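Down below is the structure, laid out as structure tokens.
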Amino acid sequence: MSRASAMGSRTLVGKYELGRTLGEGSFAKVKFARNTQSSGESAVAIKIIDRHRVLSHHMVEQIKREISTMKMIKHPNVLNILEVMASRTKIYIVLEYVGGGELFDKIAKDGKLKEGEARRYFQQLINAVDYCHSRGVYHRDLKPENLLLDSQGVLKVSDFGLSAFSKQEDGLLHTACGTPNYVAPEVLNDKGYDGTASDVWSCGVILFVLMAGYFPFDEPNLMALYRKIYNADFSFPPWFSSNAKRLIKCILDPNPLTRITIPEILENDWFKKDYKQPCFKHEEDVNLDDVDAVFNDSEDYLVTERKEKPVSMNAFELISRSQGFSLDNLFDKQMGLVKRETRFTSTCPANEIMSKIEEAAKPLGFNVHKRNYKMKLQGDKSGRKGQLAVATEVFEVAPSLHMVELRKTGGDTLEFHKFYKTFSSGLKDIVWTSDSNKEETS
Ligand code: AMP
């Protein structure tokens with residue numbers, strides 16, 4: 001099987017060396033990468049999209065316009081697009097890399113935020129949304145997966161201007177996890193809507209979740225959930241201040257015409273407390289030749305994904321990387337940052353590891369798809385668990401020593417953490433930890 005040798009090869013796209021998968025959204029895979037020609041900061045994230053899906057799309061012009069605009073936008077709270085490349089089969093969107101994980105991982109880990117902290121993130125979110133709207137770009141699919149933090153804890157909104165990618169053949173927006181918890185009522189009935197007002201609604205849901213630690217609209221049954229959203233049927237927990245409640249009520253107004261607008265939010269007393277003006281560089285001369293080439297189907301700029309010959313992996317390096325990971329804790333903590341993946345080592349045979357994972361996942365309502373030593377765990381669509389998807393992979397590090405990787409590839413982060421607690425306890429007896437690590441963790 002030796003997936004280990006495949007791990008050792010280098011994959012290059014243009015000047016970037018591709019690394020591990022950071023996440024999988026509804027329409028793309030996101031990989032960590034390094035710019036091999038950079039002398040300074042070389043870390044980037046590359047969003048990889050199926051080219052045919054985009055170029056056969058009737059929205060090519062809109063996508064091209066929005067990506068061009070986003071490449072020009074340099075706002076501290078908007079994830080920066082650095083470059084766009086294409087191969088014959090894929091489009092690569094090179095983004096600034098942020099290492100602080102998703103904002104909602106923080107909530108899943110530490111629970112709801114204090115009002116002041118929630119307000120600080122909400123102010124940054126509104127600044128980002130306001131700025132992009134002023135440039136004619138709407139998000140249309142704001143949700144926790146799109147709220148990332150950099151290493152200083154600054155909020156960065158991702159996927160601005162990329163919503164057209166997640167529109168399917170029927171023209172409707174399909175959120176990554178298939179749940180409309182964050183979607184405005186007028187988007188649900190898709191009778192043509194104003195991107196400004198529907199983004200404001202999603203910001204209101206996000207603010208509620210930050211302060212409450214749970215969704216304002218949450219029903220296991222989709223129809224019941226739709227009904228609650230249409231009627232803005234929700235209640236506040238007792239710890240919300242009356243000013244915060246008043247603002248959220250004006251945001252979660254089911255009528256987009258009477259819903260509070262961003263200029264009004266900027267004037268709101270609760271919002272204005274401790275507000276700091278965003279300071280950012282204005283766009284310099286940004287070169288858009290790459291965007292033109294990709295969307296005009298030009299052959300001149302095509303890149304290829306090429307694999308360089310495998311370099312031998314040092315098994316001990318891998319083992320030592322894995323020792324610190326504990327199954328009790330989903331968060332792979334590195335320098336205080338969190339990621340939504342974890343690894344562990346096991347001395348059990350690969351087949352046994354695969355069966356144990358399957359045994360642990362099935363009672364939790366997950367369908368298991370196996371391919372070689374990879375497995376996808378897909379929740380049952382009818383339930384709330386249906387939103388979740390988990391990818392696992394078993395690597396052979398040395399004879400009779402395996403490394404297992406687990407990664408959330410879809411679904412709601414809050415729910416994933418709940419699932420993970422139960423799931424990991426079912427895997428305890430196959431995890432191997434060295435004696436030194438046992439001492440450390442005991
Ligand atoms: P998305 O398709 O944008 O929802 O991305 C899927 C996941 O990949 C996100 O939820 C993040 O965890 C991760 N991700 C996306 N973009 C970046 C980035 N620029 N830096 C770091 N992680 C990212």
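Since every read-out is calculated from the coordinates, none of them should be taken as a lab result. All of these numbers come straight from a predicted model, not from anything done at the bench. FYI the Cβ positions are ideal-geometry reconstructions off the backbone, even for glycines, and counts take in every protein chain you see.
Could you run the Karplus curve 6.51 cos²θ - 1.76 cosθ + 1.60 with θ = phi - 60° over region 234-249 and give me ³J(HN,Hα) per residue in whole Hz, x for Gly and Pro?
These are the phi-based 3J(HN,Hα) values: 8, 10, 8, x, x, 7, 6, 6, 5, 5, 5, 4, 4, 5, 4, 4 Hz.
What is the spin-label model distance, in nm, from Arg53 to Asp292 if the labels are put 7 Å beyond Cα along the C-beta direction?
Once both label points are built, they end up 2.9 nm from each other.
Sorted by average packing, counted as other Cβ atoms within 10 angstrom per residue and highest first, what order do 199-207, 394-402 take? Don't jump to the answer; show the numbers that get you there.
Values: 199-207: 24.2, 394-402: 17.7.
For the peptides 199-207, 394-402, the packing ranking is 199-207, 394-402.
Quick one: which residues, 5 or more positions from Ser87 or on another chain, have an amide H under 5 Å from its amide H? H modelled 1.01 Å from N in the peptide plane, none for Pro or chain starts.
Excluding prolines and chain starts, which carry no amide H, the hits are Tyr92, Val303.
Ranked highest first by the average count of other Cβ atoms within 10 Å around their residues, in what order do 144-156, 289-301, 243-255 fall?
On the way: 144-156: 19.1, 289-301: 14.7, 243-255: 17.4.
Order by mean packing, descending: 144-156, 243-255, 289-301.
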